[in-house]
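Participant: Have a look at this one before I ask anything.
Please treat every number below as a calculation from the coordinates, not as lab data. Quick caveat, the model's predicted, so the values are computed rather than measured. Here the Cβ positions follow ideal geometry from the backbone for every residue, glycine too, while neighbour counts run over all protein chains shown.
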Amino acid sequence: MSATPTERWNAALMGNYGTPPVTFVRGSGTELFDDAGNRYLDFLCGLAVTGLGHAHPRVATALAEQASTLLHVSNLFVTEPQLEVAERLDRLIRSGPDAPETGGRILFQNSGAEANEAALKLARKFHGRGRHGVVSAFRSFHGRTMATLAATGQPEKHEPFHPVPEGFRHAAWNDLDAVESALSPEVGAILLEPLQGEGGVNPADAAFLQGVRRLCDERGMLLIIDEVQTGLGRTGEWFGFQHAGIVPDVVTMAKGLGNGVPIGAVWATAEVAAAFGPGDHGSTFAGQPLAAAGAREVLRIMEEMDAPRMARERGAELTALLEALPGVTSVRGLGLLLGAELDPEVLAGRTAPEVARACLDAGLVVNGVTPTALRLAPPMTISSGELDEGVAILAGVLAAGSPSAGGATESEGNP
Ligand SMILES: Cc1ncc(COP(=O)(O)O)c(C=O)c1O
């Protein structure tokens, strides 16, 4: 008998993702299909990536056309698609209140971690030697490269990789006094998510971000906002920092920008961006025509449909549906990046990741982001009917595990 995809995965791939439970072969809008033909509703979007749904026809056409036109020449030459992406991103970043009238500049990268890595290098270059320190928050997540791992405020993730680069300090989330206490003359930048995604779907208080902006202004530090998970409409604004009415010096983004095509970007004010001269940073693939053509079409579609408005409207619907579920004690988050805290009674000894696994078996893709909370990040193109259907699946899974159902923890099979 030939090996299953799971057996081949286990034999051929490194073990850093464990053994994934399902082999997906196809997607369309909110739907995913596995290799046995089972249908799932995707309320996770590949971790907040496919905000326009799977296999968006316009994105697919843009990619196919670019693939048969020009795939790669390197950044030694101008390529057309990245110009419009850079111009649109600058406009969207400066579309919030009090945004600078003068345009900023974009540096393309290939992922979120690379975008943050580049931002950290930019901050060092901007300040020069002696001001390389960075303060970020506990429970933050900024990536898996050595410097972004060091910036990530989860000491347990550092443990196997010491020594991690020095100069990174962490302060309690949403605590301005803690951030101020972590400062010293060598700190040149503060790096924050506007809503901690991996850390449990924890939005920043507007007053916290405004206070950090003030501290940065007073002490000449750069405010770097990591919008890798929150950027491009998902929170109900183009960028999460816009909820607080602040303007960062540097913004990083990735996930939603390519709707699944790997691309990242760093935006910086013109003054900060000027710190990078020829040779200071680079990447063979960054901003290459295929990825940039995908991102260009994604941004065109998002602007046409008013993606932040869709996230706000559908997010309000999803929040109301979740709040009405007996097994959910509270819902947090912004737009379509939500965390549902589960009732310990209904969990009945299960963890949220186990509930997420039961949802998968029942045809709903969600993520257990903490031991007690689910993360939901459906596409901004989702219909009200699909929201109802997905929440009904979750309701069934929660009810099947509750003590009143006899303590059964088996999930239903996916039809
Ligand atoms: C806020 C944030 N920053 C950075 C990253 C790293 O991005 P990537 O996985 O594309 O390297 C992530 C990924 O989850 C993220 O959520």
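Participant: Could you work out how far helix 206-219 tilts from the main Cα principal axis of the chain, as a 0 to 90 degree angle to the nearest 10?
Facilitator: 20
Participant: Using alpha-carbon pairs under 8 Å, 6+ residues apart, how would you state the relative contact order of the chain in percent?
Facilitator: Answer for the chain is 21 percent.
Participant: Rounded to the nearest 0.05, what FRET efficiency do Phe24 and Arg105 have when you use their Cβ-Cβ distance and R0 = 30 Å?
Facilitator: Efficiency, rounded to the nearest 0.05: 0.20.
Participant: Rounded to whole Å and ordered largest first, report the semi-axes of the equivalent ellipsoid of the range 282-337 derived from its Cα gyration tensor (root of 5λ).
Facilitator: One finds semi-axes of 35, 15, 7 Å for the range 282-337.
Participant: So, R0 is 22 Å and r is the distance between the beta-carbons of Glu313 and Asp388; what FRET efficiency does that work out to, to 0.05?
Facilitator: Between Glu313 and Asp388 the formula returns 0.90.
Participant: With only alpha-carbon atoms in the gyration tensor, what are the semi-axes of the equivalent ellipsoid for the range 63-305, in Å, largest first?
Facilitator: Values: eigenvalues 159, 75, 60 Å².
Over the Cα atoms of the range 63-305, the semi-axes work out to 28, 19, 17 Å.
Participant: What's log10 of I(q)/I(0) for the chain at q = 0.11 Å⁻¹, Debye sum over Cα points only, no solvent?
Facilitator: So the normalised log intensities are -0.84.
Participant: Taking GluC sites (Glu not before Pro) as exposed when DSSP calls them loop (any state but H, G, I, E, B) and at most 12 other Cβ atoms lie within 10 Å, what is the longest stretch of the chain free of them, the sites themselves excluded? Write down the numbers at each step before the final one.
Facilitator: On the way: sites that count: Glu101, Glu166, Glu410.
So the longest stretch without any such site is 167-409.
Participant: Once you've got the GNM for the chain with C-alpha springs shorter than 10 Å, pick whichever of Leu13, Leu387, Leu120 has the biggest mean-square fluctuation.
Facilitator: Maximum fluctuation in the GNM of the chain, among the listed residues, is at Leu13.
Participant: Moving on to the next point. Quick one: what are the phi-derived ³J(HN,Hα) couplings along the range 145-150, Karplus 6.51/-1.76/1.60 with θ = phi - 60°, whole Hz, x for glycine and proline?
Facilitator: 6, 4, 6, 6, 5, 4
Participant: Using alpha-carbon pairs under 8 Å, 6+ residues apart, how would you state the relative contact order of the range 317-390 in percent?
Facilitator: 29
Participant: What angle do you read, to the nearest 10 degrees and between 0 and 90, between the alpha-carbon axis of helix 384-401 and the longest principal axis of the chain?
Facilitator: Approximately 60 degrees, to the nearest 10.
Participant: If amide hydrogens are placed 1.01 Å from N in the peptide plane, which non-local residues have theirs closer than 5 Å to the one on Leu195?
Facilitator: Result for Leu195 returns Ala204.
Participant: Something else now. Under a GNM of the chain (C-alpha, springs under 10 Å), which listed residue has the highest mean-square fluctuation: His142, His162, His56?
Facilitator: Largest GNM mean-square fluctuation: His162.
Participant: Right, another one. I want to check the label-to-label distance for Asn38 and Arg8. Put each point 7 Å from Cα in the C-beta direction and report it in nm to one decimal.
Facilitator: A separation of 2.0 nm, rounded to one decimal place.
Participant: Mind checking which aspartates and glutamates have their C-alpha under 20 Å from Lys157, skipping anything on the same chain fewer than 8 residues away?
Facilitator: Reachable aspartates and glutamates: Glu114, Glu117, Glu166, Glu193, Glu198, Asp226.
Participant: Going 7 Å from the Cα of Val73 toward and past its Cβ, which residues in the range 267-292 have a backbone nitrogen under 13 Å from where you end up?
Facilitator: 288-290
Participant: Enumerate the calculated ³J(HN,Hα) couplings along the range 57-73 in order (Karplus 6.51 cos²θ - 1.76 cosθ + 1.60, θ = phi - 60°), each rounded to whole Hz, writing x wherever the residue is Gly or Pro.
Facilitator: Working through the residues one at a time gives x, 5, 5, 4, 5, 4, 5, 5, 5, 5, 5, 9, 10, 7, 9, 6, 9 Hz.
Participant: With unit charges on the beta carbons (Lys and Arg positive, Asp and Glu negative) and the dipole taken about the Cα centre of the chain, which residue among Leu336, His54, Val212 sits farthest to the positive side?
Facilitator: The listed residue farthest towards the positive side: Val212.
Participant: Can you give the relative contact order of the range 1-133 as a percent, counting alpha carbon pairs under 8 Å and 6+ residues apart?
Facilitator: Reported relative contact order: 10 percent.
Participant: Which of the aspartates and glutamates could a cross-linker span from Lys121 if the Cα-Cα distance has to be under 13 Å and same-chain partners fewer than 8 positions apart are dropped?
Facilitator: Asp280
Participant: Find how much the distance from Asp217 to Ala324 grows on full extension, using 0.36 nm per residue of separation minus their present alpha carbon separation; answer in nm with one decimal.
Facilitator: Difference between extended and current length: 34.2 nm.
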